[in-house]
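What follows is one structure encoded as structure tokens, with my remarks underneath.
Just so it is clear, none of the values below were taken in a lab; they were calculated from the coordinates. Fair warning: this is a prediction, and the values are worked out from it, not measured in the lab. Every residue, glycine among them, receives a Cβ derived from its backbone with ideal geometry; neighbour counts consider all protein chains shown.
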Amino acid sequence: MKILIAGDGKVGAALTRQLSAEGYDLTLIDNNPEVLANTVNQYDVMAVEGNCAAMDVLEEAGVKEADLLIAATSSDEVNMICCLTAHAMNKKLHTIARIRTPEYANQLYLMRGIFALSMSVNPEKQAAREMLRLLQYPGFLHRETFAKGRVEIVELRIDEDSPLKNHPLSQLPEIVGCRVLVCTVVRAGVASAPSGDFVLKAGDRIYVTAPTHNLATLLKNLKIIARPVKRVMLCGAGRISYYLADLLLRAGMQVKIVEKEYAACRQISELLPRAEVIQGDASRQATLENEGLQDYDALVSLTGLDELNMVISMIGSSLKVPHIITKLGHMESTPILNELPIGSIVYPKELCSNTIVRYVRALKNQTGAAVAVHSIADGQAEAVEFLVDKDTPCCGVPLKDLKLKNNVLIVCISHGENIEIPHGDSSYQEGDTLILVTSGDHIIYSLNDIFQS
């Protein structure tokens, strides 16, 4: 499959890394020759320098032979014109545009056909929704949702006082009081699929599969009793702050936004009159203390600088703020970051990239494609959701009798409204939903790919 990626910024780079690893034929388009040169040196891709909305540049990039165009420049307008122009040159082309401006949201939906968009993505809005979900269940580092919201894979850290410390995973159901499954453990930066006799240690990060209705029980029995989030401080007044503050206010929470630039303060206060907006330097502990951060339930660091966001979050940690979320844009997930007291880390570009990768895989596999794709364990594993159809083999066969490929684990079966954390005697039928976890170097394009040949 031939794919054009217009824009070699954060989202473009994340897509290039993931899609090139999956073997797609990629061509990048960008105005910056230095950025293109760096990417070409890292990955096996082609590059074209120029304006991605210009017909001659698109023709040079091979738009007439392409299957998909992803427009992810820093300009919404350029992305829309790029998709419109490219589709005029190739009527069979699928197009995806990154559209970030809040004012475009409604009209974009109404004019989707006019702009020839197969799909639009908004990393900032996706990030805001992810942060809201984390604030609704404080205690989890990450949450990934499957089966129309009925199943989740959540990330937890094993602290020194955790009831799970020094216990084998076989004792997990007894300790947490409900049936759950640990599908992945990250220890010293390395992810593994643990067996029942795996003993957890302080510092481990575990990924737990559970029905959504069991999450409260899970937190309670692990003695992670976080008070409900009612007051949230946001540092930074960018697009994510706008989307997140709007969601929080609608959920009945109090929101205070701290922003250094006066113009940004004025703009967001006009858009969100119910939010309290303060002009101040959030990187100074005195500013945050004067604004009463120590009395807030949650802190979200949302400035445009990763380093500043980490500093703000560490200040919040020193002030004992119960729940902290840190947005990172440029930095990759590393074991060092996971050791810092910066709470949950959200990468908007990765959320956006996962959405687009799911579309790409569905385009490649018209039948049996994944319903959802989530990268977990610092990118070392994937959680994928599939629908069992009439062509899926081994329906009704106990899982213990299946011959699956190495490093593939079925972690949940959704029988309609009934959610099952599977055991060896479990089986699936046509119409069920399967959730799988597989190692990061093991790409599953369709459900039939999990079986040994």
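Brief remarks follow.
- Near-label residues of the stretch 226-266 by backbone N, under 19 Å of a point 7 Å along Cα→Cβ of Asn290: 233-237, 256-266
- 3J(HN,Hα) couplings calculated from phi for the stretch 291-298 with the Karplus curve 6.51 cos²θ - 1.76 cosθ + 1.60 (θ = phi - 60°) are, in sequence order, 8, x, 4, 4, 9, 8, 7, 8 Hz; Gly and Pro show x.
- Computed extension gain for Met55 through Leu271, at 0.36 nm per residue and net of the alpha carbon distance, reaches 74.0 nm.
- With the cut-off at under 20 Å, measuring from each backbone N in the stretch 186-225 to a point 7 Å along the Cα-to-Cβ line of Ser317 picks out 186-190, 201-207, 224-225.
- Net charge over other residues, Cβ less than 14 angstrom from the Cβ of Arg361 (K, R count +1; D, E count -1): -3
- Projecting the Cα atoms of Ile450, Val371, Leu387 onto the dipole axis of the stretch 316-453, where Lys and Arg carry +1 and Asp and Glu carry -1 at the beta carbon, places Val371 farthest toward the positive end.
- Förster radius 30 Å - calculated FRET efficiency between Glu160 and Thr334, Cβ distance, rounded to 0.05: 0.85
- For the chain, share of DSSP beta bridges that run antiparallel, in % to the nearest 5: 50 percent
- Sequence of Phe115, Phe386 once ranked by neighbouring C-beta atoms within 10 Å, starting from the fewest: Phe115, Phe386
- Shape category assigned to the stretch 2-121 from the gyration tensor of Cα positions, a/c cut at 1.5: prolate
- Distance between the 7 Å Cα→Cβ label points at Val40 and Lys223: 5.9 nm.
- One decimal place: the segment Leu404-Ala21 gains 135.6 nm when fully extended, by the rule 0.36 nm per residue minus the C-alpha distance.
- Proxy reagent accessibility, fewest Cβ within 10 Å first, across Leu340, Leu447: Leu340, Leu447
- Annotation: amide H-H contacts under 5 Å for Cys412 (H modelled 1.01 Å from N, sequence separation of 5 or more, or interchain): Ile435.
- Exposure proxy order (Cβ contacts within 10 Å, fewest to most) of Ser192, Ser241: Ser192, Ser241
- Eligible lysines near Lys256 by straight Cα distance, threshold 20 Å, same-chain separation 8 or greater: Lys125, Lys230, Lys320, Lys327
- The distance from the alpha carbon centre of the stretch 17-47 to that of the stretch 404-453 is 33 Å, rounded to a whole number.
- About its Cα centre, the chain has a charge dipole of approximately 1060 debye under the convention of +1 per Lys or Arg Cβ and -1 per Asp or Glu Cβ, with nothing else charged.
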